[in-house]
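A.B. asks: Quick one: this structure, given as structure tokens, is what I'll be asking you about.
Each reported figure results from applying straightforward, stated rules to the coordinates on display, with no laboratory input. Treat the numbers as computed from the prediction; the structure is a model and nothing was measured. Here Cβ is always computed from backbone atoms with ideal geometry, including for glycine, and neighbour counts include all displayed protein chains.
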Amino acid sequence: MKQKTNTRFLPKGLSILHEDRDILVVDKPAGLLTIATESEKSKTAYAALMDYVKKGSERSKNRIFIVHRLDRETSGILVFAKTEMAKQTLQESWEKTKKIYLAVSHGVWKEKSGTIQSFLVESKAHRVYSTDEPELGKLSKTKFKVLKETNLYSLLEIELLTGRKNQIRVHLSDKKHPIVGDTKYGNDVRTYPRMALHSFSIQLTHPFNKEVLTFETKIPSFITGLVGGYERNTNET
């Protein structure tokens, strides 16, 4: 049964797409961390949603569990579990969960669709990079399709076939088409208001009743505006 939401405990820009006994699905704004880091402990989606499920009561036993993460500057769908069992069940099938992102990259792609594959490694400085050596990294696959392009930018639909840290950002940078606004893996300085990467839709199997659920969000105007607007066709997958 879908539960009613009380937005009093939610930070500005974080909205709930679905909530039931087992899962909590939200639309995260760009600029909000998923979970705490060494430099930022409190202003996170996790902390805000923990407050939300506790409804302001420190004694409450209600809590949420991290299923996956989005980078701070990535907006869109983020899934949390409300029980340890739901978390474990979702994570065990996460590779089979269909995850669609939208991104705007610099430049015009010669190939309009394809799959980018590499082994990803994280350095001690927390920078992820591709290697050809299987024993050093984790196999990573990113499927892409160009939806619209201008002289400067390309709007891409991306299906995440594996879920590695910074995977989309590294793979697009490897192809010399970094994401607009990506100051870590591209050459951009902070001249854009945010990074043009959005978790658009997720299709998952509910951990308890096994129903297949699909969640979608609105595409942020910043992303569509870079390519002069875009209306998504309902037949696109």
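A.B. asks: Separation between the SER221 and ASN62 pseudo-spin-labels, each 7 Å from Cα along Cα→Cβ, expressed in nm?
C.D. replies: For SER221 paired with ASN62, the spin-label model returns 3.3 nm.
A.B. asks: On to the next question. Here are some values of P(r) over Cα pairs in 10 Å bins from 0, in percent: (1) 8, 33, 36, 17, 5, 1, 0; (2) 7, 31, 36, 21, 5, 0; (3) 7, 23, 31, 24, 11, 4, 1, 0. Which one was computed from this structure?
C.D. replies: (2)
A.B. asks: Using the number of other C-beta atoms within 10 angstrom as an exposure proxy, rank MET50, MET195 with the fewest first.
C.D. replies: MET50, MET195
A.B. asks: What FRET efficiency would be calculated for the residue pair LYS54, LEU139, taking the C-beta separation as r and a Förster radius of 30 Å, to the nearest 0.05?
C.D. replies: 0.15
A.B. asks: Under a Cβ-only charge scheme (Lys and Arg +1, Asp and Glu -1), can you give me the dipole magnitude of the chain about the Cα centre, in debye to the nearest 20?
C.D. replies: With only Lys, Arg, Asp and Glu charged at Cβ, the dipole is about 620 debye.
A.B. asks: Let me ask another. Within the range 152-188, list the trypsin sites (Lys or Arg not before Pro) lying in a DSSP loop whose Cβ has at most 15 other Cβ atoms in a 10 Å radius.
C.D. replies: Taking the range 152-188 and a limit of 15 other Cβ atoms within 10 Å, the loop trypsin sites (Lys or Arg not before Pro) found are LYS165, LYS176.
A.B. asks: Could you point to the residue in SER57, THR37, VAL128 farthest towards the positive end of the chain's charge dipole, with +1 and -1 charges on the Cβ of Lys/Arg and Asp/Glu respectively?
C.D. replies: Of SER57, THR37, VAL128, it is SER57.
A.B. asks: Could you point to the residue in LEU197, SER118, SER15 farthest towards the positive end of the range 7-225's charge dipole, with +1 and -1 charges on the Cβ of Lys/Arg and Asp/Glu respectively?
C.D. replies: SER15
A.B. asks: Now for a separate question. Which of rounded, prolate or oblate describes the range 19-107 when judged by the alpha-carbon gyration tensor and an a/c cut-off of 1.5? Working shown, then result.
C.D. replies: Working: a/c = 2.25, a/b = 1.30, b/c = 1.73.
Oblate shape, in that a/c is at least 1.5 and b/c is the bigger or equal ratio.
A.B. asks: Report the gain in length on full extension from ASN187 to VAL108: 0.36 nm times residue separation, minus Cα-Cα distance, nm rounded to one decimal.
C.D. replies: 26.8 nm
A.B. asks: Same structure again: So how strong a dipole does the range 87-148 carry about its Cα centre when Lys and Arg Cβ are +1 and Asp and Glu Cβ are -1, to the nearest 20 debye? Numbers along the way, then the final one.
C.D. replies: Details: 13 positive and 7 negative charges, 97 e Å.
Charge dipole of the range 87-148: 460 debye, to the nearest 20.
A.B. asks: Still on this structure: Taking GluC sites (Glu not before Pro) that fall in a DSSP loop and have at most 14 other Cβ atoms within 10 Å as cut points, what is the longest piece of the chain between them? Please list the in-between numbers first.
C.D. replies: On the way: sites that count: GLU38, GLU40, GLU58, GLU111, GLU135, GLU211, GLU231, GLU236.
Excluding the exposed sites themselves, the longest stretch runs over 136-210.
A.B. asks: If you don't mind, another one. A 27 angstrom limit on the alpha carbon distance is what I want to check against. Which of LYS96/LYS138; LYS98/LYS124; LYS99/LYS148; LYS99/LYS218 exceed it?
C.D. replies: The answer is LYS98/LYS124.
A.B. asks: Still on this structure: Looking only at the range 182-205, which residues have a backbone nitrogen under 19 Å from a spot 7 Å from the Cα of VAL121 in the C-beta direction?
C.D. replies: From the range 182-205, the list is 185.
A.B. asks: With each pseudo-label sitting 7 Å past Cα toward Cβ, what's the GLU211-ILE35 distance in nm, one decimal?
C.D. replies: It works out to 2.8 nm between the two label points.
A.B. asks: Could I have the simple spin-label model distance between LEU152 and THR131, label points 7 Å from Cα toward Cβ, reported in nm to one decimal?
C.D. replies: 3.8 nm
A.B. asks: Treat every Asp and Glu Cβ in the range 49-120 as -1 and every Lys and Arg Cβ as +1, leave all other atoms uncharged, and give the resulting dipole magnitude about the Cα centre to the nearest 20 debye.
C.D. replies: Its charge dipole is roughly 260 debye.
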